[in-house]
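Scroll down for the structure; my scribbles are underneath it.
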Amino acid sequence: KEGVVRGIGEILVSDANEYLRLRAAVTLGALQDRAAARDLVNAVTDPNAEIRVQSALSLERSVGADDAIATLVDTAMEPERAEEDIAHLVEGLRILDPDRTRSSEQLAKVLGGEDRGRAQRAQRAAILGKGGDDFAERQHADETAMVHHDQRADIFVGHGLDRIEHRT
């Protein structure tokens, strides 16, 4: 089965034919094999919107919703990711997490982390995902950033916070 998954994954990420890439994304979802995860994540940034959608859904089928969301967030945090790729990954997160609860939690963890570059990329992804309206700008490691969820309390994250503060 591993060779089949690898072959289909190769079609998904490198074939010029959009129809074949789309069929590969759907097929990998039907196989529900964790070995397809990397190719499915890469395909979430495909130029074709339907391939992106099917790849995100197939990733969820292959690794489960929580792991798929965590993987998309981690991929968006990679330093070499282009803005367009990050936008596509955020689209994938919206598909898997329509109310944005789990993806916001993942981003909040990264925003509060020690790696400043990664925190800045998380803030950029968060802004893309939320439209920029709900995120406070953070410029220094000792400042906090607020993550807002439309139906929950605001959460403040930052370096050195001893507790999480909630504002209702």
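The values are calculated or read from the model by the stated rules, or taken from the named source; none is laboratory data. Model, not experiment: these values are computed from the prediction. Positions of Cβ are generated from backbone atoms using ideal geometry, with glycine treated the same way; all protein chains shown enter the neighbour counts. Please note that ligands, DNA and RNA were not included when accessible areas were found on the heavy atoms of the full protein model with its side chains. Shrake-Rupley method; radii C 1.70, N 1.55, O 1.52, S 1.80 Å.
A few points about this structure:
- Label-point gap, in nm, between Ala65 and Arg6 - each point 7 angstrom along Cα→Cβ: 3.3 nm
- Cα-based shape type of the stretch 10-89, given that a ≥ b ≥ c are square roots of the gyration tensor eigenvalues and the cut on a/c is 1.5: oblate
- Heavy-atom surface of the stretch 1-122, accessible at 1.4 Å and reported per residue (Å²): 47 Å²
- Cα centre as origin, Lys/Arg/Asp/Glu Cβ charges: the stretch 53-104 dipole, Debye: 220 debye
- Listed residues Ile86, Ile95 arranged by accessible area, highest first, probe 1.4 Å: Ile95, Ile86
- Restriction of the trypsin sites (Lys or Arg not before Pro) in the stretch 1-76 to DSSP coil positions whose beta-carbon has at most 15 other beta-carbons within 10 angstrom yields Lys1.
- Distance in nm between pseudo-label sites at Ala87 and Ala30 (7 Å out along the Cβ direction from Cα): 3.3 nm
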